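Shown next, in C-alpha cells, is the structure this report addresses.
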Amino acid sequence: MIKPVTRSSSASNFTPVPRHDYRFGINQPGRWREILNTDSMHYHGSNTGNGGVVHSDEIESHGRQHSLSLTLPPLATIWLNAGGGMTQLAIGEATPHGATYDGHGVNFTPLFPPMRSA
C-alpha cells in the first residue's frame, strides 16, 4: 500500500522574544496545521502559538511564491503539516491526533505527568 505524502515544515525561534507575523516561505499553498508546539503549557511554556491552522498568502518569501504569517513562540519549535482540511478549532476541541486547541496553540497531552517543584 502506498501512503500519501504529507508535506511538513518546522520553524524554531532560539530567542526569548516571540516573533509575530514572521513571514515563512512555502512550496504548497493552502491550509497548514500546527501539529506540535514545544511552547505549549503542557511543556511549561508560555503557550504562544498559531491557533491550530494557518492559511497561506500569495506573498513571496524565502524564494517561494507563497508564505505563511506565523507566530514563532519564544525558545520553541513549531511543526506544521500541509492540508488536512481542518478548520479553526474551538477551544477545548480535540484534533484527530489527540491534541487540543487551548486558544493559543495546539497542545498534546504529555506521556508523563508534569514534574512537580519541591
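Structure values in brief
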quantity	calculated
Highest to lowest packing among 44-54, 60-70, 10-20, scored as the average C-beta count within 10 Å	44-54, 60-70, 10-20
Largest to smallest principal axis extent of the C-alpha atoms in the range 7-83, angstrom	35, 22, 15
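Only the coordinates and a few stated rules stand behind these numbers; no lab work does. This one's a predicted model, so the numbers in the text were calculated from it and none came from an experiment. Here Cβ is always computed from backbone atoms with ideal geometry, including for glycine, and neighbour counts include all displayed protein chains.
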